[in-house]
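The values are calculated or read from the model by the stated rules, or taken from the named source; none is laboratory data. These numbers come from a predicted model, not from an experiment. Note that each Cβ is placed from the backbone with ideal geometry, even for glycine, and that neighbours are counted across all protein chains shown.
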Amino acid sequence: MKSRYALTIFSATLLSACAVGPDYHRPAIDTASVFKEAPEGWKAAQPADAAKRGEWWKAFGDPTLDGLVDQLNQNNQTVAVAIANYRQARAAAAQARASFFPSLSASLGATRGRSSSATAGLTPVSNSKSVGLDAGWEPDLWGGIRRANEESTAKAESSAASLALARLTAQAELVQDYLQLYVVHRQHEITNDSVQSFQKTLQITRNQLAVGLVTPVDVAQAEAQVKSAEAQLLDYELSERQLEHAIAILVGKPPALFSVTPASVQPQMPDVPAQTPSSLLERRPDIAAAERNMAAANAQIGVAQAAFFPALTLSATGGNIGSQFSRVLSTPLRNWSVGATLAETLFDGGARIAQKDAAVAAYDGAVAQYRQTVLGGLQEVEDNLAAINLLADEYARQSEAVTAAREAERLSINEYKAGTVDFTVVVTNQASRHQAEISSLQIMGRRYSTYATLVKALGGGWDGDLNPKLADAK
């Protein structure tokens, strides 16, 4: 009897090594070996000596920005939600792994009572103590449990990638907001300087009007120029406040309790690392999440297929009943049973076939989503590489335009004082100089934003680890 029972267990264990459903293989995707917009001769930028792996924002060389990102990593609530989701996914994976093992439960009971009858009358009060053990196990004959475990593990890994994506997205948004705050702050300063310059011109015009050298129209033009620049100051102040509010939310603080002043030194324009498409697939957390979702969908096909086969359940129970716990616990088991149950659904109206078809369709959709995510990632990198290249040239040309506009303003003011040109020339050149400086800063802001977006498109500081420690995720 014992040998037959052991043989049954051994056979079930061997059968559990089989798993129905397709084994997962990552589908191939056509990608180029290099990016179209990457210039020849680029190589990966070397990180700063003081920078830890993944702290990509330190390439801007701004201590204020570094401190803000540290606050974000600790207090951002969107990241906190992603951490909680990841912990939940890990717990679900652990729960799925528990299905591989037998379950064991114990019971302990005590009763006290008496009975009566018409013939015997009342019986003496009796005490009864009981102890019992129940064990059960469902061998994974067809690999359904294994496939379910593969699915839950893949979902946990996808959640880890989603956590990395949430953190990277928040970091990139903070970097963009802070650098835009710096640019707007500089535009505010330049406009304030222009207001002072325009006011000096206005005073010169008023003085010349007093001696009859110009007409009131010149004074009106000078006043209009001053007021227009003052109105611009208010617009920049509004932008600064809104950006400051956005940064406060990203670092997890109420705007009323937060303030930040951008550094007076211009942040560095970092070198851009050139990443090949293959490394992009390894670094981007959204691509990793899509790939893990695809693996989970593939495993679900095996779960659906396993439902077509019978399920074997092994069980064992044992227990004692007595008047005292000491005797119950010391006496060998008086009651025991061992059994096996084989269950199979004979008719379900096509429900299992429909479940399998749905699982196959979900997998096909996950494959298409994975490929689309890869293509979208490649496009983002190409777009931002093109923007970085062209904006660098545009900024150089705009800097030359600023130099020329400043010289034109200086010459026109001198000629106006000498009476060789009218005031319209001065107004035009001053406005051109001011707009050239503002445009130069706008291009600088676009370059900063493009770099942050490119780093995000390349996967940022995420190192590809799909199962980070929770201590590191908090």
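A quick yes/no check of all residues on (1) out of contact with any His (no Cβ under 8 Å at 6 or more places or on another chain); (2) of a type outside the set (A, V, I, L, M, F, W, C); (3) within 30 Å of Q430 (Cβ to Cβ):
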| position | (1), (2), (3) |
| --- | --- |
| G339 | yes, yes, no |
| A343 | yes, no, no |
| A351 | yes, no, no |
| Q355 | yes, yes, no |
| V381 | yes, no, no |
| E400 | yes, yes, yes |
Considering only the stretch 388-401, I want to know if a residue exists there that is hydrophobic (A, V, I, L, M, F, W, C), more than 30 Å from V214 (Cβ to Cβ), out of contact with any Gly (no Cβ under 9 Å at 6 or more places or on another chain) and crowded, with 17+ Cβ neighbours inside 10 Å.
yes
So A343 fits all but one of (1) surrounded by 13 or more Cβ atoms within 10 Å (Cβ to Cβ); (2) over 36 Å from the mean Cα position of the chain (by Cα); (3) modelled with pLDDT under 90; what number is the exception?
(1)
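Results for (1) modelled with pLDDT under 90; (2) closer than 20 Å to R447 by Cβ; (3) not hydrophobic (A, V, I, L, M, F, W, C), shown as yes or no for each residue.
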{"site": "K356", "(1), (2), (3)": "yes, no, yes"}
{"site": "A368", "(1), (2), (3)": "no, no, no"}
{"site": "G377", "(1), (2), (3)": "yes, no, yes"}
{"site": "L385", "(1), (2), (3)": "yes, yes, no"}
{"site": "L390", "(1), (2), (3)": "no, yes, no"}
{"site": "A396", "(1), (2), (3)": "no, yes, no"}
Is it the case that some residue within the stretch 209-218 is closer than 16 Å to E409 by Cα and hydroxyl-bearing (S, T, Y)?
no
Name, by its number, the condition in (1) at pLDDT below 90; (2) exposed (fewer than 14 other Cβ atoms within 10 Å of the Cβ); (3) assigned to a helix (DSSP H, G or I) that does not hold for E407.
(1)
Mind checking whether some residue in the stretch 53-60 is modelled with pLDDT under 85 and either out of contact with any Cys (no Cβ under 8 Å at 6 or more places or on another chain) or on the phi < 0 side of the Ramachandran plot (or both)?
yes
I'm checking my understanding of the structure. Among residues of the stretch 102-129 that are assigned to a loop (DSSP other than H, G, I, E, B) and either charged (D, E, K, R) or at pLDDT 80 or above (or both), which one is surrounded by the fewest Cβ atoms within 10 Å (Cβ to Cβ)?
R114
I'd like to check something: does the stretch 170-185 contain any residue that is out of contact with any Asp or Glu (no Cβ under 7 Å at 6 or more places or on another chain), in a helix (DSSP H, G or I), surrounded by fewer than 18 Cβ atoms within 10 Å (Cβ to Cβ) and on the phi < 0 side of the Ramachandran plot?
no
Residue set D66, D49; condition modelled with pLDDT of 75 or more, out of contact with any Leu (no Cβ under 7 Å at 6 or more places or on another chain) and acidic (D, E); output residue D66
Would a scan of the stretch 425-441 turn up a residue that is modelled with pLDDT of 90 or more and over 30 Å from V217 (Cβ atoms)?
yes
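Residue-wise test of (1) buried (at least 16 other Cβ atoms within 10 Å of the Cβ); (2) closer than 30 Å to D422 by Cβ; (3) more than 51 Å from the chain's Cα centre (by Cα).
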| position | (1), (2), (3) |
| --- | --- |
| T215 | no, yes, yes |
| V219 | yes, yes, yes |
| Q242 | no, no, no |
| S259 | no, no, no |
Here's a check for you: in the stretch 186-201, which residue that is among the hydroxyl-bearing types (S, T, Y) and touching a helix residue (DSSP H, G or I) at 6+ places or on another chain (Cβ under 6 Å) is surrounded by the most Cβ atoms within 10 Å (Cβ to Cβ)?
S194
Could you pull out the residue among E223, E189 that is charged (D, E, K, R), more than 41 Å from the chain's Cα centre (by Cα) and within 27 Å of A436 (Cβ to Cβ)?
E223
